[in-house]
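**Student:** Below is one structure. I have some questions about it.
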Amino acid sequence: MQTLALHTLPFDLFLADLEKRGFTITPDHHIRLQTIVTHFQIPDIKHLDDLKLTLCPLFATNETQQALFYEAFDHFFSVLKTKAATPQIEKLPETKIPDAPETKKWPYWLAGVIVLCISIFIVQHYLPEIKTPQEIAAPIKVPGIGSESPIGLLESPRTVTQTTEQPVALTTVSQDQQPKKIPENIAPKPFDWRIPRYALLIALALGILLSELYRFNQRKMVLQKQKKKKPPLSWPIKVPFQKTAYLTHARFYTIAKRFRNRLISDMLRLDIPLTIDRSLESGGFPILQYSEMTCQPEYLFLIDLPHFRNHYSGYATQIADALSNENIFVKRFHYMDNPQICFETIDSKRLFLDDLYRKFPDHRLIVVGTGDDFLHPLTGKPEPWIDTFHQWSTRALLTPRPISEWGMNELTLNAHFPLFPCTMDGLDHLSLWVDLHEKPSNRPFAPDPKPLFLPDDIDADALEAITDDPVLFQWICACAVYPELHWNLTVYVGTKIQQQQVIEAQVLRLLQLPWFQKAEIPDPWRRVLIQKLSEANKEATHEAIVDLLEQNPPPLQSAAMDLYRLNLSIQQWMHKPKDPERRKKVQQIVFDESRLAKDNIILRMLDAAPKSPLDIILPARLRKRFFRHALSLFGLKSGIRLMIAICLSLLLVLMAVIPDLPRLLHPDDPSVPPSFVLQTDTIKKGDDVTLIAANATAQKKMTLDVKWDDHPLPSILPDDSNDFQWTFNPFDMAIPPAALTPGHHQMIAGFTESAWSEPLTIQVLTTRAPPEPKPVSTIRSPEQIPEKGRLYITAIPDTARIAIQHMKQAYTPGMPLNAGTYVISVTQDNYVPQTRQIRMTAGKDTRETITLEPFGSLTVQPAPDDSRVRIMNIKPVYQDAMALAPGRYSVVVSKEGFVTYGKWVTLRSGENKVMPVSLESELIVPEKEKETMLAAKEKKETMLAAKEKKKIKVWTEPLTGMEFVWVPKGCFMMGSPENEVDRDSDETLHKVCVDGFWMGRYEVTVKQYSIFVSKTQYKSNYKNDFFCKGFTTPDFSQEDNHPVACISWHDAKAFGDWLSENTKASYQFRLPTEAEWEYACRAGTQTPFYFGENINPDIVNYDGNYPYRNAKKGLYREKTMPVGNFPANVFGLFDMHGNVWEWCMDWYGDYSDISVTNPGGPSSGSDRVKRGGSWNSSAQYCRSAQRHYNSPGSRHSSIGLRLSRTP
């Protein structure tokens, strides 16, 4: 009878499935399964149940495991049974996703033509008609000439001068002159060119607007089409496994052989030959003899994974996988930050360390990592849970830290683990140790590789000199081509660059650079490194990356295909960045930008691409506002494009309207240039000249500019009479004598920023020697003469040095200064310097008194004398009798073996304070007494907290029940010092003083804001929602005591206005100013947070995945928490850091660089300030000095408010 070959069944996959279900699989199980499969026979696949009953006792040890084994067996092999029963399954046809409809162009053409026709009709109907000079002739009253003088007659000489070469003298017009009638055929009506001009420019404006609107709608259609595509949404780059020289060396195979040496098992087997011999010796009585069995050792690698793509973890993982390929039973797990929680892959189930031991108790444990997480960060002592590792009888620690850097941490860890370097040499020592159970002492560890570190500045030449290895340096440069670092890709690129397998010495030097630990090379370094890459290596690197992308494409109908095509095109473009065809190909690729914005790989790759001119000119802050995702390749944002289109359209319309503005504004006065007549056209020696307005344009009470034979005269003031005339004497002005000789002279007149009039001719009958020219200032208007004020500064002490900033001239008492604002600095040795802003008024004296405060000094006298003294809130190191400005200082005195002393000390002006401090020694107290002391200490702290709470002045608002605390007036340094980590450039440090005010103790809650909405039926008009389901409704659940979110600045202000209107008292409710908010948040501190130098998720609600500085990662709650759930500051204010952003009253703008009092921010702007960080902010955005802003209409699930109240 023919039987089924059981060895062809996938038992290896079945064992892996059992292991996932919690069964323990050892080499013995493999051996016994192999024996059963070899000898067991079944006729066909349908009789697998017999095999199930046979295998169950091998794996199951109790009734629960028996049921679980049966379920796993039936589920796994049911597929084979189904295939045997059903030979063929009909394949369902794929459903075709319909394409999004295309945007049609003809409606835009039709709309453009209709709007153009309407515009031309409006222009033709409402634009004033062009008239000839004869049609616009009208009488105007000219004093001194006659009761009425026709404009046409006055302007006729000007008309003549345009057609003749010689000027014509103007004569006075007598009363009996009458306007002459001009025949119509003399001045035919000109063609009106305005209609074609308007039509052309309005057509261009409409074309720009409608084309932009068509582009916007077409983009929406493309995005709708993209959203209908199938998953996967992204497709990672896959690199084949690359063998390295150190994993193919004979030394590695020797190491693997030692790891493979079998162990003596605790199981016995019947020794049949020996049993027979002993039975015969005993005269046939059976005497059973047993011999010890051996088994292959199993290893558990626990690898530290500080970053997802950390290269040292990749190096260790590569070694573990290579050992597994040598038929060594290796199980690999990782841990990230917390060694107590382990995982096999990033997305697999997490296991506690105790669970890991229960699952693999007989394995040999090899931990790969520095072991710093096993020790307390402050004391350096082992964590209590480190004893869990002692459950493994055989354990070791492979540390990536070079031997030359081993210190106290390694000495402490050596008491719990045998310590080896994480190198092939360390692995060789480890293999001898596990084989012989002792560390060989006759052969020391190999020396560390040559150190490799980054230079202080971004300098590729300096890095090349430090590397001192051209091949390694080119390898580093090649790693900068791809925007992210992957271990397999790094080895793959190194192999392509060197045309051979990489060696361990180069790998260990490469891993010393921090880039390969964080798996990212900063963009400034990437740019300079790629420039240093040779052309041959650059071509080889790009070709290698392109080959990897081409060999592993995603499914054709998936959304990831667009990203894949874009990724591939960009790599090809970066290979030849000046090729316009490849750039155009990148821009033509259709992709979903909303999803692409979350793809870190593509964004960084595009950021490394050549920039557009606008991208280079704009700073980083404005770049985010102009370009989509801050990258020029995506083009301008839709809003920016629309604004540009509107501006261009308005500019074109203005170009059409500007020539007709005078006619539109003055329809009865079509003459743009002013026109004048002379009271008399002849003058004698010393006579005055009088100009009289001859049209409406000239009828202005303004100073008149006159040119006499092209010689400009000083500005002439109008006469005091009610008539529009100007009188001056040319003989009293600075005119060359040649211009006053007898004869005819010409002059023109006009107003400032207006056209000149037609030339007027005047005859000089006699002349005289011109007098000395008078100063121009005697003729000009008094308003044009600048006056200076005098400045008097009184400094206390009087020996202080006074200077005016940005002026080379030294200060002298009573020095004259022009009107304006000046910054005065006063300094004196041993005194706190001061700066003050002073405004000078024209013609007035300004007096100011500036008093300097003397420095104080602080001396701490500790006992014992060698105790360490620190002042925590200043940067300088403490010294005895050190000079300090008046203020509060945090003094800490500590010494090992003594209780640390800490206290806030107030230092007054000129005070020389001496502080004796005696430290108490730490006593060894029995447990019972320690519990009593702790209880007494907690009781004392509770009493002190209650006493401190009584000092806080609290007021409750009756309508909503909101609590307000009193914030006393004071001064503080607003902003952050230049050495504060992660500070922004807009946090300029400057002194600010504020008056006392009431501040909301908590952020406004959901319940309090709902009272306002229910009583007023308020509805928000702003729908700029981000992660909000609607007004005051974020995309996560909230209780009544949670802070209200998803409200705009206008919504917050409306709440304060409603409270003010419904309060019987005279005080007002409003949003706090930015200065008031930071003053209330700091509460007298100058550290980044009012808690001190750092925060953690136990005291602030923020995204714990992004800690501040070098702090450990923590909990990320992903939503708001109830108000008052975390500690308050000294003023009694809760949640000033994190939970929700809080709107402020100010427009966003630059700080003042001088001392100010009660600042209110800029008078106008586009964005409003928000402060404090939120539940989804990183720790740096929760700092006291951090500034942020949004448009007033924006609503976000992370933005709320806190109110202040006037005294």
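Bear in mind these aren't lab numbers, they're just calculated from the coordinates by the rules spelled out. All figures in this text were calculated on a predicted structure; none of them were measured in a lab. Because the Cβ atoms are built from the backbone with ideal geometry, glycine has one as well, and the counts that use them run over all protein chains shown.
**Student:** What is the pair-distance distribution P(r) of region 255-381, computed from all Cα-Cα distances in 10 Å bins starting at 0, with each bin given as a whole percent?
**Tutor:** Bins of 10 Å from zero give 11, 30, 25, 14, 10, 8, 3, 0 percent of pairs.
**Student:** Starting at the first residue of region 1193-1207, write each ³J(HN,Hα) from the Karplus equation 6.51 cos²θ - 1.76 cosθ + 1.60 with θ = phi - 60°, in whole Hz, x for Gly and Pro.
**Tutor:** Karplus values, whole Hz, x for Gly and Pro: x, 6, 10, 9, 5, 10, 10, x, 7, 9, 9, 10, 9, 5, x.
**Student:** Residue by residue through region 506-513, what is 3J(HN,Hα) from phi via Karplus (6.51 cos²θ - 1.76 cosθ + 1.60, θ = phi - 60°)? Round to whole Hz and write x for glycine and proline.
**Tutor:** 5, 5, 5, 5, 4, 6, 6, 6
**Student:** Let's test the formula: R0 of 41 Å, r as the Cβ-Cβ distance of Lys903 and Thr412. What FRET efficiency results, to the nearest 0.05?
**Tutor:** 0.80
**Student:** Then there is this: What relative contact order, as a whole-number percentage, does region 856-923 give when Cα pairs under 8 Å and 6 or more residues apart are counted?
**Tutor:** Relative CO of region 856-923 lands at 42 percent.
**Student:** Report the full-extension gain for the segment Ala881 to Ala462: residue separation times 0.36 nm, less the Cα-Cα distance, to one decimal in nm. Write down the numbers at each step before the final one.
**Tutor:** Details: separation 419, 0.36 × 419 = 150.84 nm, distance 4.40 nm.
Roughly 146.4 nm would be gained on extension.
**Student:** So if we plug the beta-carbon distance of Asp277 and Thr64 into 1/(1 + (r/R0)^6) with R0 = 45 Å, what FRET efficiency do we get, rounded to 0.05?
**Tutor:** Result of the calculation: an efficiency of 0.50.
**Student:** Okay, moving on. What number results when the radius of gyration of region 960-1205, computed over Cα atoms, is divided by 2.2 N^0.38 Å?
**Tutor:** Dividing the Cα radius of gyration by 2.2 N^0.38 Å gives 0.95.
**Student:** Can you figure out the FRET efficiency of Arg350 with Ser78, using R₀ = 30 Å and their beta-carbon distance, to the nearest 0.05?
**Tutor:** Efficiency for this residue pair is about 0.50.
**Student:** Enter the Cα centre distance for the pair region 277-343 and region 1092-1121, rounded to the nearest angstrom.
**Tutor:** Cα centroid of region 277-343 versus Cα centroid of region 1092-1121: 39 Å apart.
**Student:** Using modelled backbone amide H atoms (1.01 Å from N, in-plane), which distant-in-sequence or interchain residues come within less than 5 Å of Phe676's amide H?
**Tutor:** Those qualifying (amide H under 5 Å, at least 5 residues apart or on another chain) are Ala694, Glu758.
**Student:** Peptides 990-997, 373-380, 806-813: what's the order by average Cβ count within 10 Å, highest mean first?
**Tutor:** Packing order, densest peptide first, comes out as 990-997, 373-380, 806-813.
**Student:** Right, here's the next one. How would you order 114-122, 240-248 from highest to lowest mean count of nearby Cβ atoms within 10 Å? The partial results should precede the final answer.
**Tutor:** Numbers: 114-122: 13.7, 240-248: 15.8.
Result, highest mean Cβ count within 10 Å first: 240-248, 114-122.
**Student:** Please report the antiparallel percentage of DSSP beta bridges with both residues in region 786-851, rounded to the nearest 5.
**Tutor:** On the way: 14 of 20 bridges.
Bridges in region 786-851 that DSSP calls antiparallel: roughly 70 percent.
**Student:** So how strong a dipole does region 361-498 carry about its Cα centre when Lys and Arg Cβ are +1 and Asp and Glu Cβ are -1, to the nearest 20 debye?
**Tutor:** I would put it at about 560 debye.
**Student:** Can you work out ³J(HN,Hα) from phi for every residue in region 243-257, in order, using Karplus 6.51 cos²θ - 1.76 cosθ + 1.60 and θ = phi - 60°, giving whole Hz and x for Gly and Pro?
**Tutor:** Karplus values, whole Hz, x for Gly and Pro: 7, 10, 5, 6, 9, 10, 7, 4, 5, 5, 5, 5, 4, 4, 5.
**Student:** What nm value, rounded to one decimal, do you get for the distance between Ser1164 and Ile952 when each label is placed 7 Å out toward the C-beta?
**Tutor:** 4.2
**Student:** Mind listing the long-range amide H neighbours of Phe724? Cut-off is under 5 Å, sequence gap 5 or more, other chains count too, H placed in the peptide plane at 1.01 Å from N.
**Tutor:** So Phe724 has HN proximity to Ala693.
**Student:** How far apart, in nanometres, would the label points at Asp372 and Ala250 be if each is projected 7 angstrom from Cα along the Cα-to-Cβ direction?
**Tutor:** Spacing of the two 7 Å Cα→Cβ label points: 4.0 nm.
**Student:** A further question on this structure: Which order do the peptides 387-397, 468-478, 1091-1101 come out in when sorted by mean C-beta neighbours inside 10 angstrom, highest first? If you can, show how the numbers build up before the last one.
**Tutor:** Details: 387-397: 16.0, 468-478: 20.0, 1091-1101: 17.9.
Descending mean neighbour count gives 468-478, 1091-1101, 387-397.
**Student:** Another question, if that's okay. Taking every DSSP beta bridge with both residues inside region 856-923, roughly what % is antiparallel (nearest 5)? Walk me through the numbers before you get to the answer.
**Tutor:** Numbers: 15 of 22 bridges.
So the antiparallel bridges amount to about 70 percent of the total.
**Student:** Report relative contact order for region 960-1205 in percent, whole number only (criteria: Cα-Cα under 8 Å, sequence separation at least 6).
**Tutor:** 29
**Student:** Taking H as built 1.01 Å from N, whose amide H comes closer than 5 Å to the amide H of Ala803, not counting residues under 5 places away?
**Tutor:** Correct list: Ser825.
**Student:** Of Lys788/Lys991; Lys844/Lys991; Lys450/Lys518, which sit over 26 Å apart, Cα to Cα?
**Tutor:** Where the Cα-Cα span goes over 26 Å, the pairs concerned are Lys788/Lys991; Lys844/Lys991.
**Student:** Note down the nm distance, to one decimal, between modelled labels 7 Å out along Cα→Cβ at Thr26 and at His744.
**Tutor:** 12.9
**Student:** Here's something else I'd like to know. Extension gain Ser291-Leu1115, at 0.36 nm per residue separation less the Cα-Cα distance, in nm?
**Tutor:** Separation in residues times 0.36 nm, less the Cα-Cα distance, equals 291.1 nm.
**Student:** Based on DSSP, what percent of beta bridges with both residues in region 238-359 are antiparallel, to the nearest 5?
**Tutor:** For region 238-359, the DSSP antiparallel bridge percentage is about 60.
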